[in-house]
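Every number in this text was worked out from the coordinates using simple rules, so none of it is lab data. As the structure is a prediction and not an experimental result, all values here were calculated from the model. Every residue, glycine among them, receives a Cβ derived from its backbone with ideal geometry; neighbour counts consider all protein chains shown.
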Amino acid sequence: MKLTRTQLAIWIGQKMNPKTPLYNMVHAFTIYGKIDVTIFQKSFYLLVEKSDALRTIFIENNEEPEMQVITDGVVNYEFLDFSNKTLAEIKSWQQEKSIVSFDLETCLYYCALIKKCDDEYVLYLNIHHLITDATSSTIVFKTLDTIYKSLLSQSDTAEIEIPHFKDYVVFENEKSLENKSIINYWEEKVTQVKTLPKLYGKSNSNLSTSSDRIYIHLGKERTNKIKALAQLPEVRSWTQDLTLFNIFTSALFVFLYRIGDLNQIAIGAPVHNRINRQFKKTPGIFIEFFPLIVELSEVDTFIDVINKVKLETNAYLKYAKTGSSSVEINKVYNVTLNYINAKFSNFNKFEISSEWIHPDHSDSNHALRCNVYDMDNSGNVSLLFDLNNSIFNDQLKSRIADHFLNVLDQITEHLTDKITARSIISKQEIQKYNGRTPSIKTEYRSVFSDFYDNVKAAPNAVSLECEENQLSYILLNHHANVLAQRLINQGFGKGDSIVLFNYRNTDYIISILAVAKIGATFIPLASDQPIERVKYICNVSNAKLILTDSYFKDKTDSIGLDKIELDRFQYNSEANYQEEIQAPINENDIAYVLFTSGSTGKPKGVMISHGALSNYLFWAKTYYGVSKNSQIPLFTSIGFDLTITSTFLPLMSGGTLMIYPEDLSGADMSLAKVINDNKVDFIKLTPSHLVLFQELYVTESKLKTIIVGGEDFKVSLGNAISKLFNHDVDIYNEYGPTEATVGCIVSKFNTNTHKEGSIPIGNSISNMTAYILDSELNIVPDGVVGELYVSGKSLASGYLGMQDLTNERFISNDLSEYGVLYRTGDLARVNDVNELEYLGRIDEQIKFRGYRIELTEIESNILEVEGVESCAVLKIEHANKEPKLVAFYSGKEQLSDEIFINTLGFSLPLYMMPSQFCYLQEMPLTTNGKIDKKRLKTLNIDKEDSIRTLVLPNNEIEELVLTVWEDVFQIDKISVTDNFIALGGHSLLAIKISARLKQELELDLPLVNIFLYPSIRAYATNLEKTLIDLLEE
């Protein structure tokens, strides 16, 4: 006989896991009364004889499964006297027996009558799901009771008839042929569902059958509240059971929305298919599963969800017809809800209690199964959750009951409130959340105090080294005092803003110290900043002075502020000061203002107080083990907050700051110099920098500590770098927005525990706390993706002159003991080992080459280019290719790349310059009239029509250089006249190109040549001349 649709799905699942008891349905009924053992045995034998379902086995015929009803065979029943066993021993036996697998071709049930004492017995019944369901279990129990009472009273049992399950099989097969349109409905409906939800952030791939069951007894008070809710006119449906089904289904949808990552969610639910009186008395499996699909949003109220579920349930009941389900339509959900209205009655008038025993396994397609039942008819609803062990660890299992019950309570108590109005985690979880990073109560101490201590303790120790020139601590402090006195003499002092527009050199460090000595605020601006940007920053910051270098005279003259050109400053010229200059520095005083990309098209200034700076640096000094023996390089842009670490840590620790000035021609190859010099033991850099270690010789490097920040740090890169050294190197992943003073979360890379994907960002530093919150600022459960907020002593004081933006991003909230939360705009989650994982940006801000960039700022500047009517800038990432910024624009005609590069060069720094400009006659729009950025990402920009002509190489040298460029840039068809910068070139790629050419030619080539000769043809021409000169020597 052919299998039903549900039987076929179960049979396939069992055949895939032949030794696993994932479909055992096990009940233990405790009977509180004396049982006649002999009559009970006869009763069970007669039950088996009368029920074709219990005598059904499954065989394979021509590789197809078939049902057979056997007429003879051993009845799988036994009596066990456990009078001398403890309750724990009996429970253990029951559990061990529940995980025994059935032979599908022999027998699919096992029954035991267990004697606990003279007036208490246990009916243990284990039936394979192929021949039973929950309703069938109650039918079997009730029929066994009827037969037992008849035999006990010596009544005729011939009149006790059990309908045959085979009648339903025939009925379903007939209906499946009639319901073609219904089947088409379901096949069409499930196309709405694109993916399965990740519960608590867990992947749905490679799920096992291993599962645990947790029981949740709602109790009288909670059950009564739910039943009262069911009586409300706006909630009530046709019947009470249907109303309760809708309430529990709504709760499950909201629960999945709160712990998952999707708005559109599907849940599988069974229909019982017992549509007539005969089927309601027939043992066997009748259920079929169909999906309920509901879309939720953060603005929905609980009553909104109930109404959505009502509509979906009505459609479900209309179309969930017998014989219409399939394996395919049931692939769209990984969560099921089974509302069981079947009840177990007394046995021979004796009271009973039932236990549904879990066989430690369930269907591997299901992450979570929820059963709602009151089989003992106690009046109190109970829940049981079967939780897939591939997803739910012990920590989650201990919390899931609280989370779901909190949702249920919110429905009954706050029906008209938004589903996101309150957190679903427990108070205990919130307390643990706040206790993850305990505050360290210390008195405020300025970082400059430690510097002054080092001046006194080791005056002649080397504080700075720059291009073989060294400066002792006492001399550095002397120079800073001289400059500070000059600033005082010119009328500058506490609270003034002073711009440091310079390159990396000794004067820059002296400037920082001098500004701190007079209590002023320094504003670091990298030397490659466009002059219009510098003017804007000077204006909005109300800067009083520029400390600079004569090299930048033309730029600084145009700004119109007082300035001191430090390369011409005589540090011994100010003889008027008599003593150490140290203005009192309070923790709320602003130490520096760092300008970052702004969404308005203009940069915004982040104000960092001395207290915030001290909290970060004193933590970093201790955590990273920085000491007087440390040598740390300054080789990154002074306008990059990552550089703060390298600048201050050595000076406050008594170590040496190794300064590597940038090449002012535009080719900054400082990293290569750092590695080649092999003097430093500590370095902080971005992942993009770190990649270049693979191109450089670091095997015998003195490096002991590597701090990585600014971008997503991949495990694969961490592993690759670890293998380069012939000694152990500590590698850290440090996360922090500028608004949280450089770094506020950190993790140490571990090759044993960090296996794939991105290295977690870790845990909060001292006196800082990280929160993962939803849109209503509720803490989300661990594992769930939310927005990352940070709070604590390292928070910035806000944005300079931008109070509205400060109020928007620095939110007053009593969640933190500090009263303020900073909204990072980053997505994150807490993983299984309580580490934070960074998951990307929530808005248009991106991280690119270590810099935080507002794409809207770039777009605003592109719109200023004459001829551009509309534009959008995207960070494009392709497999095995370097990410790049691509500008899409529309206008009357296509513009050359040179027009964009030349125009934008006045307002955008190099790292914000798009490497590609794609012309479109019309920008694609969404239905609400916005630029459709998703469609832009699908465009084949690598094969766009370009106004340039592809120029091919003329000789072998050009061919060699072209091959290297195409490999490094991951671009096909580069023209030998293409500009290195226009292609997206930067110093990191230049190092790669030079390293490859060195390998090919066995010749050291100046890195700067790539910038001096920025096309393949120009570079090859110079290279050819170099080779000829070498041959002539």
query: With θ set to phi - 60° and the Karplus curve 6.51 cos²θ - 1.76 cosθ + 1.60, what are the ³J(HN,Hα) couplings of the range 891-900 in order, to the nearest whole Hz, using x for Gly and Pro?
result: x, 5, 8, 6, 10, 6, 4, 4, 4, 5
- line: Net charge (Lys, Arg +1; Asp, Glu -1) of residues whose beta-carbon lies under 11 Å from that of Gln631, Gln631 excluded, is +1
- prompt: Once the Cα atoms of helix 5-16 and of the chain are each reduced to a long axis, what angle between those two axes, in degrees from 0 to 90 to the nearest 10, is obtained?
  reply: 60
message: I'd like to know which of Ala480, Ser860, Phe141 lies farthest towards the positive end of the charge dipole of the chain, counting +1 on Cβ of Lys and Arg and -1 on Cβ of Asp and Glu.
response: Phe141
field: Theoretical FRET efficiency, 1/(1+(r/R0)^6), r = Cβ-Cβ of Leu1027 and Asp677, R0 25 Å, to 0.05
entry: 0.35
query: Along the charge dipole of the chain, which of Gly379, Asn273, Thr56 sits closest to the positive end, that is, farthest toward it, with unit charges on the beta carbon of Lys, Arg, Asp and Glu (+1, +1, -1, -1)?
result: Gly379
statement: The answer for the net charge of residues other than Ser364 whose Cβ lies under 15 angstrom from its Cβ, with Lys and Arg +1 and Asp and Glu -1, is +1
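Write down the percent of antiparallel bridges among all DSSP beta bridges whose residues are both part of the chain, to the nearest 5.
70
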- prompt: In units of 2.2 N^0.38 Å, what is the alpha-carbon radius of gyration of the range 625-697?
  reply: 1.08
task: Do me a favour and compute the ellipsoid semi-axes for the range 648-785 from its Cα gyration tensor, root of five times each eigenvalue, largest one first, whole Å.
output: 30, 19, 15
statement: Taking Cα atoms only, helix 180-189 is inclined relative to the longest principal axis of the chain by an angle, in degrees rounded to 10, of 30
message: As I understand it, the dipole of the chain uses +1 on the Cβ of Lys and Arg and -1 on the Cβ of Asp and Glu, about the Cα centre. Which of Ser794, Asn179, Phe900 lies farthest toward its positive end?
response: Asn179
query: How would you order 48-54, 613-619 from highest to lowest mean count of nearby Cβ atoms within 10 Å?
result: 613-619, 48-54
- request: Provide the descending list of Cα extents for the range 177-424 along its principal axes, expressed in whole angstroms.
  value: 51, 47, 42
message: With the cut-off at 1.5 for a/c, could you classify the range 956-1032 from its C-alpha gyration tensor as rounded, prolate or oblate?
response: prolate
field: Around Lys998: net Lys/Arg minus Asp/Glu count, Cβ-Cβ under 13 Å
entry: -2
message: Please arrange Ser92, Ser137 by how many other C-beta atoms lie within 10 Å of their C-beta, fewest to most.
response: Ser92, Ser137
task: Only Lys, Arg, Asp and Glu count, each charged at its Cβ (+1, +1, -1, -1), so figure out the dipole size of the chain about its Cα centre, rounded to 20 debye.
output: 2760
message: P(r) for the chain, please, calculated from all Cα pair distances in 20 Å bins and given in %.
response: 11, 33, 28, 19, 8, 1, 0
task: With everything on Cα atoms, drop me the angle between helix 87-98 and the longest principal axis of the chain, reported from 0 to 90° to the nearest 10.
output: 80
field: Amide hydrogen neighbours beyond the local backbone of Asp261, cut-off 5 Å, H modeled
entry: Lys198
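Suppose every Lys and Arg Cβ carries +1 and every Asp and Glu Cβ carries -1, with no other charges. What dipole size does the range 5-168 come out with about its Cα centre, to the nearest 20 debye?
480
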